[in-house]
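Values quoted throughout were computed directly from the atomic coordinates according to the rules given, and no laboratory measurement underlies them. If you're wondering where the values come from, they're calculated on a predicted model, not measured in any experiment. Cβ coordinates were reconstructed from backbone atoms using ideal geometry, including for glycine residues, and neighbour counts include every protein chain displayed.
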Amino acid sequence: MSRPNHNGKTGVPRALATLTDRLAAHAEGAWVTDTAGRTYLDFATGIGTLATGHRHPKVLAAVRRQLDRLVHTCYSVMPYESYQELVGRLIDLTPGSFPKRGLLLNSGAEAVENALKIARAATGRPAVLCFEGAFHGRTLLALGLTSKTSTYKRGFGPYPGEIYRVPYPYCYRCPVGREPATCSVDCRRLLEEALATHVDGRALAAVLIEPQLGEGGGAVAPFPFLQAIRELCDRTGAVMVVDEVQTGFGRTGSLFAVEQAGVEPDLMVMAKSLASGFPISAVVGRAELFDGIQVGGLGGTYGGNPVSCAAALATLEVIVGQRLPERARRLGAVMRRRMQLWQERYPEYLGDLRGLGAMLALEVVSDRQTRRPLPALARAWSQACLDEGLLLLTAGVHGNVVRVLIPLIISDADLNEGLERMERALETAVASLARVEETT
Ligand code: PLP
């Protein structure tokens, strides 16, 4: 017999967390309407999948055309052009002018797992170096690479072996106790130390990193740190894998965040905003890494489904044609200015404002000196946003980060309206916190 979920209304397990019990009915552009007719500006965009907004007309038109022609054969049974066309497009758009291959899959986690299969097969080595605070997905290998026990990991082990973890270069909580202005990116030495203490360079198949943490709370890896990983991989023969599942396709102000560091990864993993909400992901990278793998070694029933391929090709046309990365930089600057005012107004609570382009995050703390995480305020802020008519997500290992994942097609007026709502919700959340403090 099925058990009721936390609402007691459906058979969906309570383990599947939801931001709200309100039910979505309709969405367009930057707006979502619920079944009660309430409208919300969407600063969550399906966890960063909708750079082009909801139901972009060009994406819908491409999908409708595809529905009338071909829905599914499974590429491994009878291939189709749109898969090859999309791979070609991704090869052109990703950094690096070397020969490349591209594999299409369904989800971010699946792409991460495939990238590591490819790295292991190509190097003949087992070990993977990853980072604290990372989120790479919920399948077992991806979860083994992810840091957050309280929600994601508890109870699901044992996790796969040969995974080694070093601190992320999280400047606000510097792992080597320095301040960003004067640090010379000293945390780079943690990479070398890992080779001395955890894993011999000759056993290292891959180093896997998000250029900016997504679920981990928005910390940005300093560019010299990414360059140091590139050097380490060149020296040891390991494969540099960059996870651009959340940062990819314009949100950070460039098509891919890693471009800003001038680094060319060996493999790149992407998903989310690639297809405006249709499920698809990809691994793209050096041809020689793919070419030694036995025929039949990679694949899947639905990976690169024709409908998702059509959505992705149309999405890329919009992102590139409308210069959404450039727009992300401009929108990011507008949001940053406004958020700095909030920081001035609430200096004790809004500890750190960070992010590339429009992928901004605010870390909420109980005071600026101790930097103690204050998840209760981040949660209250996000919930108060719902009542203001705004969808806003929290993030971070301690759940104390508020982050914006806006649709990059949002109008200036809607962006301003969203920021107004966010500001009012912050006032409400701080006032509710003060009331709790008074009564305790
Ligand atoms: N990698 C990163 C950086 C992510 O942000 C996510 C999802 O949030 C994933 C991988 C996993 O993607 P999916 O949920 O599509 O499996």
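Using a Gaussian network model of the chain in which every pair of alpha carbons under 10 angstrom is joined by a spring, one finds that among LEU255, LEU324, LEU67 the greatest mean-square fluctuation is at LEU67. The alpha carbon convex hull volume per residue for the range 337-391 rounds to 88 Å³. Extension gain, ARG235 to ALA24, is 70.9 nm, computed as 0.36 nm per intervening residue step minus the present C-alpha separation.
Stokes-Einstein diffusion for the range 295-343 at 20 °C, viscosity 1.002 mPa s, with a Kirkwood radius from C-alpha pairs, works out to 152 µm²/s. Cα-based radius of gyration for the range 95-220, normalised by 2.2 N^0.38 Å, reads 1.12. Among SER273, SER411, SER147, the largest mean-square fluctuation in a Gaussian network model of the chain, built with springs joining Cα atoms closer than 10 Å, belongs to SER411. Residue-wise HN-Hα couplings along the range 378-395, as the Karplus relation 6.51 cos²θ - 1.76 cosθ + 1.60 with θ = phi - 60° gives them from phi, are 4, 5, 4, 5, 4, 6, 5, 4, 4, 5, 7, x, 8, 9, 9, 10, 9, 7 Hz; Gly and Pro carry x.
On the principal axes of its alpha carbon atoms, the range 307-409 extends 48, 26, 26 Å, with the longest extent given first. Structure note, pairs LYS58/LYS117; LYS100/LYS153; LYS58/LYS100; LYS117/LYS272: Cα-Cα distances above 25 angstrom occur for LYS58/LYS117; LYS100/LYS153; LYS58/LYS100.
With the convex hull constructed from alpha-carbon coordinates only, the range 178-247 shows a mean projected area of 5.2 nm² over all directions. A compact globular protein would have a Cα radius of gyration near 2.2 N^0.38 Å; the ratio found for the chain is 0.97. The C-alpha radius of gyration of the range 13-76, expressed as a fraction of 2.2 N^0.38 Å, stands at 1.43.
Extents of the range 1-149, largest first, come to 53, 43, 34 Å (Cα atoms, principal axes, whole angstrom). Fewest-first ordering of CYS385, CYS130, CYS74 by other beta carbons within 10 Å of each residue's beta carbon gives CYS74, CYS130, CYS385. Of the candidates ARG55, ARG189, ARG14, which one comes out as most mobile in a Gaussian network treatment of the chain with C-alpha springs shorter than 10 Å? Of the options given, ARG14 has the highest mean-square fluctuation. Computed across the range 54-141, the Kirkwood hydrodynamic radius from all distinct Cα-Cα pairs reaches 16.2 Å. The tail of the calculated P(r) for the range 64-115 beyond 18 Å holds 46 percent of all Cα-Cα pairs. With each label modelled as a point 7 angstrom along the Cα→C-beta vector, the SER76-ARG14 pair spans 3.9 nm.
The distance linking the range 375-393 with the range 275-301 is 38 Å (Cα centroid to Cα centroid, whole angstrom).
With Cα atoms as the point set, the radius of gyration and Dmax of the range 257-365 evaluate to 19.1, 60 Å. Scoring 36-49, 291-304 by mean Cβ neighbours within 10 Å over their residues and listing the highest first yields 36-49, 291-304.
Here the range 363-433 yields Rg over Rh of 1.00, to two decimals, using C-alpha coordinates and the Kirkwood radius.
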